[in-house]
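A.B. asks: Structure below; questions to follow.
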Amino acid sequence: SLKQVAAVISAKKVQLTPEEARDLAKRALKFKQERGRLPSITSPDAWEKRMAEGVAFLARMKQEAANG
């Protein structure tokens, strides 16, 4: 559960444009197809972490839009 809390905190710190986030999310889908899992925001690999940040950013934008 601490990893989940860390992921939420780090996802809120991310500053991306929506275009960058969409591009990273597309790459995250390719990552999932290749490796069978989504990228982890707590990964030591910088590229995997960046892809996860893009997915988290889009999810946060969607959540905020749903809440008004």
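What follows is calculated from the coordinates using simple rules that are stated; it is not laboratory data. Quick caveat, the model's predicted, so the values are computed rather than measured. Cβ coordinates were reconstructed from backbone atoms using ideal geometry, including for glycine residues, and neighbour counts include every protein chain displayed.
A.B. asks: With a Förster radius of 22 Å, plug the Cβ-Cβ distance of Lys13 and Trp47 into 1/(1 + (r/R0)^6) and report the FRET value to the nearest 0.05.
C.D. replies: For R0 = 22 Å, the calculated efficiency reads 0.80.
A.B. asks: Counting pairs on different chains as well as pairs 8 or more places apart, how many Lys pairs in the chain have Cα atoms under 21 Å apart?
C.D. replies: The result is 16.
A.B. asks: Where the eigenvalues come from the Cα gyration tensor of the chain, what are the semi-axes √(5λ) of the equivalent ellipsoid, largest first, in whole Å?
C.D. replies: In descending order, the three semi-axes are 18, 15, 11 Å.
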